[in-house]
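Chemist: One structure is given below, represented as structure tokens, and several questions about it will come after.
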Amino acid sequence: MSEGIGLINGMEIVEIIKLLAPIIIMELVLVGFCLYRLRVDRVKFLPKWSWAIIIIFIQLIGGIAFLLIGRERD
């Protein structure tokens, strides 16, 4: 009855995991790096707790936004 959707149609769960694993790992590394930089750098525009929420809950865009505009550079 269930035919699946688009690319997932006919794929095994193991194939889907292999496809998504590098993306998930890169995202986790980005979030970890951003949270580390948040801890050691001074920030602009928002308090640190706000940047932490943005980094964690707005995946990819939140981390990139913090790195580009949220921290004060020396």
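The values are calculated or read from the model by the stated rules, or taken from the named source; none is laboratory data. Predicted model only: the values in this text are computed from it and were never measured. Cβ atoms come from the backbone with ideal geometry, glycine included; neighbour counts cover every protein chain shown. Keep in mind that these areas ignore ligands, DNA and RNA; they rest on the heavy atoms of the full protein, side chains included. Shrake-Rupley method; radii C 1.70, N 1.55, O 1.52, S 1.80 Å.
Chemist: I'd like the full set of residues that are touching a Phe, Trp or Tyr at 6+ places or on another chain (Cβ under 9 Å) and either polar (S, T, N, Q) or open to solvent by 90 Å² or more (accessible area, probe 1.4 Å) (or both), limited to the stretch 19-68.
Modeler: 45
Chemist: Then there is this: Note down all Cβ pairs under 8 Å where the first residue falls in the stretch 53-71 and is touching a residue at least 12 places away in the same chain (Cβ under 8 Å) and more than 20 Å from residue 42 (Cα to Cα), the second is open to solvent by less than 30 Å² (accessible area, probe 1.4 Å) and among the aliphatic types (A, V, I, L, M), and they're at least six residues apart or on different chains.
Modeler: As it stands, the answer is 59/31, since those pairs meet every condition given.
Chemist: What number of residues within the stretch 26-74 satisfy the criterion of being touching a Leu at 6+ places or on another chain (Cβ under 6 Å) and on the phi > 0 side of the Ramachandran plot?
Modeler: Qualifying residue count, the stretch 26-74: 0.
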